[in-house]
1. Only one of (1) of a type outside the set (Asp, Glu); (2) at pLDDT 85 or above; (3) more than 25 Å from A:Ile158 (Cβ to Cβ); (4) surrounded by fewer than 17 Cβ atoms within 10 Å (Cβ to Cβ) is not met by A:His229, so which one is it?
2. Of these, A:Ser183, A:Ser150, which one is small (Gly, Ala, Ser) and more than 10 Å from chain B (Cβ to nearest Cβ)?
3. A:Thr254 fails exactly one of the following numbered conditions: (1) under 30 Å from A:Phe51 (Cα atoms); (2) among the β-branched types (Val, Ile, Thr); (3) modelled with pLDDT of 85 or more. What is the number of that condition?
4. Before we move on, is A:Met156 touching a residue at least 24 places away in the same chain (Cβ under 8 Å), at the interface with chain B (Cβ under 10 Å from one of its Cβ atoms), in contact with a Phe, Trp or Tyr (Cβ under 9 Å, 6 or more places away or on another chain) and of a type in the set (A, V, I, L, M)?
5. Given the condition of a type in the set (A, V, I, L, M) and in a loop (DSSP other than H, G, I, E, B), answer yes or no: does some residue in region A:204-216 qualify?
6. Could you check region A:159-174 and list, in sequence order, the residues that are open to solvent by 40 Å² or more (accessible area, probe 1.4 Å) and more than 9 Å from chain B (Cβ to nearest Cβ)?
7. Tell me, yes or no, whether region B:155-172 has at least one residue that is assigned to a helix (DSSP H, G or I), of a type in the set (A, V, I, L, M) and closer than 30 Å to A:Phe185 by Cβ.
8. For region A:40-66, which positions are of a type outside the set (Val, Ile, Thr) and either touching an Asp or Glu at 6+ places or on another chain (Cβ under 6 Å) or closer than 17 Å to A:Phe244 by Cα (or both)?
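The values are calculated or read from the model by the stated rules, or taken from the named source; none is laboratory data. Owing to the predicted nature of the structure, the values given are computational and were not obtained by experimental measurement. All Cβ positions, glycine included, derive from the backbone under ideal geometry; neighbour counts span all protein chains shown. These accessible areas exclude ligands, DNA and RNA; they are computed on the full protein's heavy atoms, side chains included. Shrake-Rupley method; radii C 1.70, N 1.55, O 1.52, S 1.80 Å.
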Amino acid sequence: MTNILDDYALMSPLRHINNWLKLAIVFFGLLAGVSSTSPITPLFIAFCMSFATVAFGRVPLKFYLKLVLAPAGFALTGVIIIAFFSGSGQELISFELAGYPLAIRADGLELALLVLSRSLGGMCCLYFLALTTPMIELFAVLKASRLPESFIELSMLIYRYIFVFLDMALSIKYAQTVRLGYSNFKRSINSLGMLTSTLFIRSWEQGDKLFLSMNSRCYDGKMALFEVHRPVKVVEMFLTSVYFLLTLVLFYFTKNISIV
Amino acid sequence: MHIMEGFLPAPWWQAWFAVSIPVILYGIYKMNKLVSEKREILPLLAVAGAFIFVLSSLKLPSVVGSCSHPTGTGVAAIIFGPAISAVLGTIVLLYQALFLAHGGITTLGANVFSMGIVGPIVAYLIYKAGMKAKLNFYAVVFLATAFGDWATYVVTSVQLALAFPAGDVLTFAGFMSSFGKFATVFAVTQVPLAIMEGALSALLFKYVVNVKSDILVEMKVIEDAAVKKLRGTSV
């Protein structure tokens, strides 16, 4: 059904690196990528983050490429619309489709490439975080970030139950599939309806049980968390600063470059 | 409709965060009040959030060949109301960005606004209006979820059109032309998807009413008399 990236994060060799350092790298990449004005900086970020994920994080290259290509559908539709309909400069290609004149203009194409590269850069940053940092490590960061207490509690409980219900949904789905529950369209809808409603009722009962069990263990709205102290190594600091500096230099020198 | 990471340029992603954050804070305030009144609600909210996440990661049987997922927030809005759905939606969207790379961090504000705020509000309003008009419960659920989905998709198109208006400068004509294009292209997947999700939600409630209707009565989603009528048992 879906690859939960968290499984890879738990096995990642980069798991034990300081969380704040990883978050700084990711947020720096996201912000630099989204505010860059040429496609070169986001592509450089995408390359660096992919390299870090695959080489340092030891994620299989084939699996990683599959992940990066997965959300391409939305990106391509959006980018094609932008390429065709925005811009007012010189026309590069023009043709007629069912009576409608369509044209790609130079500045439209430029904008489309920029948006595509920004998406790619941002996604590589997100994948770096997702594939190297399990959610349990991030809860400590959330706690320190002074978000409302109930919001964090809710996040932690939701996280816990995602896996329980995912297992449940998968086993129901297998059971339905071997009984030909998804053999045609009408049956699929019916089976999916049964699956979701069973899931709903079971999750509700689980909620009741959870309340009882947590109450009997003196739950007062706060779960205590243990944050492991992880000092930043010199090599990591050095690599990060080199990456930051290179990105900023590239950002500065390519801000007025146009590709098309 | 998740907007991908990096898709919205500089002033827009911040703007959507600015719009969404007050609503989320209001939702948290409402939730805190509810939890302090009824302590057993917090675990229920947690499992509901996990349920939405799992629901949104199930693939719907697709009509046009693209893979499509239900959003699940319509169901949450009917059960918990829009304010709490916004909080649950935010957490679910954050997890989707981190686990499945659906959506993103900088576009989180825009996605929360379309999927966690506008969609549930529309669904909730239609649900309330329909129940007041004493329409069939399942028909109301179908309409509420389907229109909630459509509202989400219209808002997403508006967000994209505002960020990328035709003719590069934001004018009303440029916005409208660009909005038309985004809306037309996304309609191919979103119109059937919303109908599917509406049908799925109606089926969900049908099974729940048949098997364990006391949950819904307890949450004041539906009245006891209405359940008896739906099940065909006399009072």
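1. It is condition (2) that A:His229 fails.
2. A:Ser183
3. (3)
4. Yes.
5. The first filter runs over region A:204-216 and keeps only residues of a type in the set (A, V, I, L, M), leaving A:210, A:212, A:214.
Then keep just the ones that are in a loop (DSSP other than H, G, I, E, B); that gives none.
Looking for residues that are of a type in the set (A, V, I, L, M) and in a loop (DSSP other than H, G, I, E, B), one finds none in region A:204-216, hence no.
6. Result: A:Asp167, A:Leu170, A:Ser171, A:Tyr174.
7. Within region B:155-172 (the criterion being assigned to a helix (DSSP H, G or I), of a type in the set (A, V, I, L, M) and closer than 30 Å to A:Phe185 by Cβ), the answer is yes, since at least one residue qualifies.
8. A:Pro42, A:Leu43, A:Phe44, A:Ala46, A:Phe47, A:Cys48, A:Met49, A:Ser50, A:Phe51, A:Ala52
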